[in-house]
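Notes follow the structure.
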Amino acid sequence: MKHYLLALLTLCISTTSWSNSIESFESHGDIHLAVTQFLESKLRHQEQDYKIELKSLDHRLQLAKCSLPLELVQPAGSRDMGLTSIGVKCNRPKPWLIYISAHIKLFHSVAILTTTKDRGSILTKKDVRLKRVELSRAKRRYFTNIEDVIGKIAKRTVFAGDILTMDQLTQPKAVRRGEQIIILANNHGMNIRMSGSAMTDGSRGQRISVRNNSSRRIVEGVVIAPGIVQIRF
């Protein structure tokens, strides 16, 4: 009986010691949760869907239990997507600092070409569709609205399946050099229409030089529609 009580007491002491040892270290799960919540707080304002993947900590790593909330920081110059690292810091009772590797994936529906288009081809609605992709595959200047692509011209050959970007496309010319155009002048709320000649080619929204056919004066204006250039006094 004495031996049984002694063994039971030893087991209780051992168990208590093991439990206290576990409680004295910061949980890896809690560290990962803190990092995930930190990154989510930075990503929630974005329109894109996201996925966060964290690298597991070495199971042998034992960090003193923090008596204060963990401090988290993303090093200056870190990217909003792709591979990054997050610093996790504890100041009390035993200061420590570790970095956790994270892979942030952002997703968005972007314009994809459905058929190969040669240089100079005009894109139509049947040539484009939206597809959800991870944005690390896309350059920054992608399109999220099909209407923004329709009517644009391919500056070079673009292949089926490509993510369309602004540097691949250009606006069609709304005005050609030497073409007779309408100059629309706005003066204190009054619109005055005059005939003129385009000095250069121009796309919608582009600023070009035009000549007033009556005064022969050359002025600059903005192409607002095919054959129409607006100037302001």
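Looking only at the stretch 50-64, which residues are in contact (Cβ under 8 Å) with a residue 40 or more places away in the chain and either under 15 Å from Leu97 (Cβ atoms) or among the small types (Gly, Ala, Ser) (or both)? Correct list: Leu57, Ala64. Look at Ala174 and say whether it is of a type outside the set (S, T, N, Q), modelled with pLDDT of 90 or more and either in contact with a helix residue (DSSP H, G or I) (Cβ under 8 Å, 6 or more places away or on another chain) or under 25 Å from Ser121 (Cα atoms) (or both). So Ala174 fails the test. Taken over the stretch 95-127, the criterion of being over 27 Å from Lys42 (Cβ atoms), part of a strand (DSSP E or B) and under 25 Å from the mean Cα position of the chain (by Cα) is satisfied by Ile112, Leu113.
The residue that is farthest from the chain's Cα centre (by Cα), counting only those in the stretch 52-76 that are surrounded by 12 or more Cβ atoms within 10 Å (Cβ to Cβ) and part of a strand (DSSP E or B), is Ala64. Just one of the listed residues (Ile122, Ile112, Ile146) is out of contact with any helix residue (DSSP H, G or I) (no Cβ under 9 Å at 6 or more places or on another chain), hydrophobic (A, V, I, L, M, F, W, C), surrounded by 14 or more Cβ atoms within 10 Å (Cβ to Cβ) and under 30 Å from Lys173 (Cα atoms), and it is Ile112. Taking the stretch 133-151 as the range and being in contact (Cβ under 8 Å) with a residue 24 or more places away in the chain, over 13 Å from Leu106 (Cβ atoms) and not basic (Lys, Arg) as the test, the residues that pass are Phe143, Asn145, Ile146, Asp148, Val149, Ile150, Gly151.
Gly77 fulfils the conditions (1) at pLDDT below 90; (2) touching a His at 6+ places or on another chain (Cβ under 9 Å) except for a single criterion, (2). Filtering the stretch 38-49 for residues that are surrounded by 12 or more Cβ atoms within 10 Å (Cβ to Cβ), free of Cβ contacts under 8 Å to residues at least 60 places away in the same chain and in a helix (DSSP H, G or I) leaves a non-empty set.
The values are calculated or read from the model by the stated rules, or taken from the named source; none is laboratory data. Treat the numbers as computed from the prediction; the structure is a model and nothing was measured. Here the Cβ is made from the backbone with ideal geometry for all residues, glycine too, and neighbour counts use every protein chain on show.
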